[in-house]
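The values are calculated or read from the model by the stated rules, or taken from the named source; none is laboratory data. Quick caveat, the model's predicted, so the values are computed rather than measured. Positions of Cβ are backbone-derived with ideal geometry, glycine not excepted, and every protein chain shown enters the neighbour counts. Ligands, DNA and RNA are excluded from the accessible area calculation, which covers all protein heavy atoms including side chains. Shrake-Rupley method; radii C 1.70, N 1.55, O 1.52, S 1.80 Å.
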Amino acid sequence: MLRFAFYSLLLGALLALIAAAALIGHILPQLPPVESLREVQLQTPLRVYSRDMKLIAEFGEKRRDPVTIEEVPLMLKQAFLAAEDDRFYHHPGVDWMAIARAAVELVSTRQKRQGGSTITMQVARNFFLTPEKTYERKLKEIVLAVVIERELSKDEILELYLNKIFLGHRAYGVGAAAQVYYGATLDELTLPEAAMIAGLPKAPSRTNPISNPEAAINRRNYVLGRMLKLGYIDESAYAAASAAPNTAEWHGQAVESEASHVAEMVREKLVEEYGERAYTAGYRVITTIDSRLQEAATRAVQGALIDYDRRHGYRGAEAHVEIDATADEAAWRAALRGYGTRGGLVPALVTAVAEQSIDVWTREHGALSLPWEGITWARKQLGTDARGPRPEKATEVATVGDIVRVSYRAAEAKDDAPAEDAAAVAGYWQLAQLPAVEGALVSLDPEDGAIRALVGGFDYARSKFNRVTQAERQPGSNFKPFIYSAALEKGFTAASFINDAPIVFDAPGLESAWRPENYSGNYYGPTRLREALTKSRNLVSIRLLRAIGIDYALDYVQRFGFPADDLPHNLSLALGSGEVTPLRLVSGYAVLANGGYRVEPYFIARIEDEESNELFAARPATVCRVCERVTLDEDGEPSDLATLLSMQTLPPEVPAERVITAENAWIMTSIMQDVIRYGTGRRALSLGRGDLAGKTGTTNDQKDAWFSGFNHRLVTTVWVGFDRVQPLGRRETGAQAALPMWIDYMKVALEDVPESTMERPAGLVTVRIDPDTGLLAGANHPNAIFESFRAAQVPPRGDTTSAANDESGRGQPLVPEQLF
């Protein structure tokens with residue numbers, strides 16, 4: 001009998017082995033190659049950086065920050081082992097004791113529950129299998145785990161697990177979880193934080209510290225208890241950690257440089273190049289953006305638009321809700337739901353109004369009080385150019401239940417303020433409002449076109465429309481320098497005279513006669529071109545364009561990157577009636593800033609993969625002045641070796657093409673420096689620099705305000721206007737609405753940058769001329785001024801008759817038709 005039983009058991013075991021072998025033989029061909037884990041590509045988001053490696057943005061459904069096992073603190077490893085698999089370093093991939101426990105539970109409860117899974121089995125499931133709960137999948141999981149243990153070391157398996165596991169709130173892997181929940185790196189985690197993260201794999205939603213904090217604390221304390229039992233921590237550490245409060249809160253992308261419009265430009269470019277893989281392949285894009293300049297640009301745009309908005313009055317609360325005296329913080333929070341901070345302006349609920357103060361509540365800062373000095377600006381807006389009287393009481397401005405905006409006005413340093421007046425110079429919170437007007441700023445390195453700063457609007461979260469690249473608006477007088485440059489090339493000089501007098505055009509196709517005017521409404525008679533551009537005289541520009549010819553001008557301005565087909569083929573071209581984007585305009589100004597070379601704006605410096613392998617590197621056309629002096633022989637080799645060796649740096653791969661002469665660029669820069677010294681750009685003198693040149697721009701009815709300016713290190717264009725075209729208001733010219741934005745940005749951008757002036761080309765000479773005639777002045781002329789000319793265009797010596805008194809008005813004989 002015993003012998004029968006023995007043989008029966010032996011036969012059963014043999015049959016079981018045969019069945020298991022057959023089953024494994026059936027499953028093995030279905031399993032993926034485990035060795036692929038060595039080259040596994042984790043889905044890692046696209047990250048965009050500034051040139052100084054500050055994170056700008058992250059794109060992708062999964063937030064992941066892969067780490068090596070050496071970067072994982074021992075405390076965090078132990079927390080995961082305690083929570084998931086304390087025998088990980090001892091079993092062969094499958095913990096048969098745990099599986100046996102799971103089997104007993106199945107028999108006793110008759111329910112299929114996941115149990116007994118080791119970390120290695122979870123790696124097998126997460127990388128190769130579906131999450132369905134079936135016996136076949138479980139068997140595949142077991143077989144794969146055993147095979148994985150043969151191929152990889154324990155540390156390699158644990159590294160894969162800690163980078164792959166889902167931990168809630170789009171966080172995959174411990175690196176991302178530490179950032180999402182605590183805004184920290186792994187080495188900054190505390191024991192209770194590590195235990196909290198280690199408790200998440202079992203149920204990332206149900207035990208989440210943000211969405212279900214009570215359950216999360218229970219789970220965390222369970223993990224801490226397991227760590228205590230296993231000897232990973234002592235009693236005192238356990239007591240302190242289990243008593244610690246839940247400090248987890250959602251941390252968005254750890255953005256270090258705000259450049260959302262640039263980030264979107266990069267995203268579009270990467271998706272165009274790599275498709276949907278761009279979101280998961282872990283690409284790193286290093287842009288040309290300078291984070292310091294970008295921050296200054298953002299502040300300048302927002303500040304200028306807020307200042308414009310204040311000049312035109314207070315439009316009132318964004319919304320109003322009814323709240324009663326018993327309302328608590330929860331009710332206030334609910335009232336502000338859906339209102340986010342925009343451009344630094346914080347949404348606030350008015351909770352009380354006194355005679356000369358307003359109490360508000362904000363999500364970010366709690367209860368605040370707005371003093372009278374932060375309210376008095378809020379004169380009611382009656383129209384674009386009309387405001388009501390200054391308020392005498394706070395009740396004229398706000399009522400309880402209003403949803404408004406507030407901003408913090410920083411303290412103003414006053415060295416001579418006595419100590420007892422400290423409160424008077426302290427910072428305070430003030431009433432604000434989201435500006436209805438919009439604006440843009442773009443700044444380039446004129447040597448190669450690298451975009452150093454770009455702000456496409458007041459706030460990206462409010463409007464994703466990129467006004468730098470997408471808004472086509474009339475540049476007004478900001479376009480005049482290109483017409484004047486064309487005139488210089490046609491034979492005019494900075495001392496040529498054009499008559500500033502009324503003119504009427506009554507051409508077929510026009511509904512009424514066109515009577516262009518100067519902004520001031522005044523006329524000044526014969527005017528030198530230098531003075532005409534400095535003072536932005538419209539009628540001079542129109543006559544100048546007529547003199548050089550519209551077709552010639554259209555062909556010439558293409559050198560600056562303006563397609564002729566996109567511009568008007570009539571005299572309104574002289575007043576900037578064609579529509580251009582700020583990016584197109586600043587690239588045109590770059591030609592003047594760099595001395596005559598055409599460069600193309602670009603914003604991606606290089607693209608790297610996850611392993612830091614370079615996938616793309618920009619090769620921009622770059623200014624190379626000395627390259628023009630190097631001649632090539634018949635074989636294309638440099639024949640002037642001495643010139644080549646004199647270069648301090650290697651010549652660029654792609655030298656930029658010269659599109660206007662050095663003489664033309666130098667004279668135009670000189671004239672535009674006068675725009676800042678004596679003309680419409682005088683406000684820029686506040687920067688205290690002598691190397692700045694620029695031009696204002698204002699369109700009809702002040703619908704667009706511009707300023708473009710540069711030195712030889714940086715060229716910047718700014719624009720202010722409404723998305724739905726309408727007047728900005730009286731006196732809201734380029735000098736008033738746009739130039740302050742440019743000044744605020746350039747003040748920071750050029751800080752500690754030494755002044756740099758363009759070397760005067762050898763073909764130019766500077767002589768003294770009579771400002772009334774444009775002719776050479778005698779040695780004793782009391783009002784003589786200096787002017788620069790090409791050597792062949794130096795005017796003759798004049799007599800005592802001035803252009804103003806000359807019957808013909810032609811004081812400068814080089815171009816006798818110029819007055820018209």
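Of note:
- Per the conditions (1) open to solvent by less than 40 Å² (accessible area, probe 1.4 Å); (2) under 23 Å from K464 (Cβ atoms); (3) of a type outside the set (V, I, T), the sole criterion not satisfied by N208 is (2).
- Restricting region 219-265 to residues that are in contact with a helix residue (DSSP H, G or I) (Cβ under 6 Å, 6 or more places away or on another chain), outside any helix (DSSP H, G or I) and more than 21 Å from L167 (Cβ to Cβ) leaves a set whose member that is most open to solvent (accessible area, probe 1.4 Å) is E258.
- Some residue of region 279-300 being outside any loop (DSSP other than H, G, I, E, B), open to solvent by 30 Å² or more (accessible area, probe 1.4 Å) and among the β-branched types (V, I, T): no
- The residue that is farthest from A319 (Cα to Cα), counting only those in region 374-386 that are among the charged types (D, E, K, R) and at pLDDT 95 or above, is R379.
- Condition met for I56 (of a type in the set (A, V, I, L, M) and in contact with a Ser or Thr (Cβ under 6 Å, 6 or more places away or on another chain)): yes
- Test: residue in region 109-117 that is open to solvent by less than 10 Å² (accessible area, probe 1.4 Å), at pLDDT 65 or above and within 19 Å of K202 (Cα to Cα): no
- Of all residues in region 596-618, those that are over 17 Å from E653 (Cα atoms) and open to solvent by less than 70 Å² (accessible area, probe 1.4 Å) have Cβ atoms under 7 Å from Cβ atoms of residues that are assigned to a loop (DSSP other than H, G, I, E, B) and polar (S, T, N, Q), 6 or more apart or on another chain, in G596/T661; F603/T288.
- Total residues in region 286-302, condition farther than 14 Å from A450 by Cβ and among the aliphatic types (A, V, I, L, M): 4
So that you can scan it fast, the table gives a plain yes or no per residue for (1) surrounded by fewer than 14 Cβ atoms within 10 Å (Cβ to Cβ); (2) modelled with pLDDT under 90:
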{"residue": "D752", "(1), (2)": "yes, no"}
{"residue": "T757", "(1), (2)": "yes, yes"}
{"residue": "L764", "(1), (2)": "no, no"}
{"residue": "I769", "(1), (2)": "no, no"}
{"residue": "S788", "(1), (2)": "no, no"}
{"residue": "A791", "(1), (2)": "yes, no"}
{"residue": "P795", "(1), (2)": "no, no"}
{"residue": "T800", "(1), (2)": "yes, yes"}
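- When A735 is tested against (1) assigned to a helix (DSSP H, G or I); (2) closer than 21 Å to I451 by Cα, just one condition goes unmet, and that condition is (2).
- Among residues of region 693-710, those that are buried (at least 24 other Cβ atoms within 10 Å of the Cβ) and either part of a loop (DSSP other than H, G, I, E, B) or not polar (S, T, N, Q) (or both), counted: 11
- Meets criteria (at pLDDT below 90 and open to solvent by 30 Å² or more (accessible area, probe 1.4 Å)) for D52: no
- Scope region 263-282; condition closer than 13 Å to D609 by Cβ and among the β-branched types (V, I, T); matching residues: T280
- Some residue of region 470-482 being open to solvent by less than 10 Å² (accessible area, probe 1.4 Å), over 38 Å from the mean Cα position of the chain (by Cα) and closer than 29 Å to I667 by Cβ: no
- Every residue from region 164-217 that is of a type in the set (D, E, K, R) and either over 18 Å from I119 (Cα atoms) or free of Cβ contacts under 8 Å to residues at least 40 places away in the same chain (or both): R170, D187, E188, E193, R206, E214
- Residue among Y161, Y172 that is within 17 Å of M75 (Cβ to Cβ) and either modelled with pLDDT of 80 or more or surrounded by fewer than 18 Cβ atoms within 10 Å (Cβ to Cβ) (or both): Y161
- Of residues in region 312-339 being more than 23 Å from T376 (Cβ to Cβ) and acidic (D, E), the one surrounded by the most Cβ atoms within 10 Å (Cβ to Cβ): E329
- One residue stands out among those in region 301-358 that are among the hydroxyl-bearing types (S, T, Y) and touching a helix residue (DSSP H, G or I) at 6+ places or on another chain (Cβ under 9 Å): the one that is nearest to D402 (Cα to Cα), which is T351.
- Residues considered: L444, L488, L454. Of these, the only one that is buried (at least 20 other Cβ atoms within 10 Å of the Cβ), within 23 Å of I785 (Cβ to Cβ) and under 38 Å from the mean Cα position of the chain (by Cα) is L488.
- Residue in region 174-185 that is over 29 Å from the mean Cα position of the chain (by Cα), within 16 Å of I217 (Cα to Cα) and not small (G, A, S) present: no
- Condition met for R342 (closer than 25 Å to A737 by Cβ and surrounded by fewer than 19 Cβ atoms within 10 Å (Cβ to Cβ)): yes
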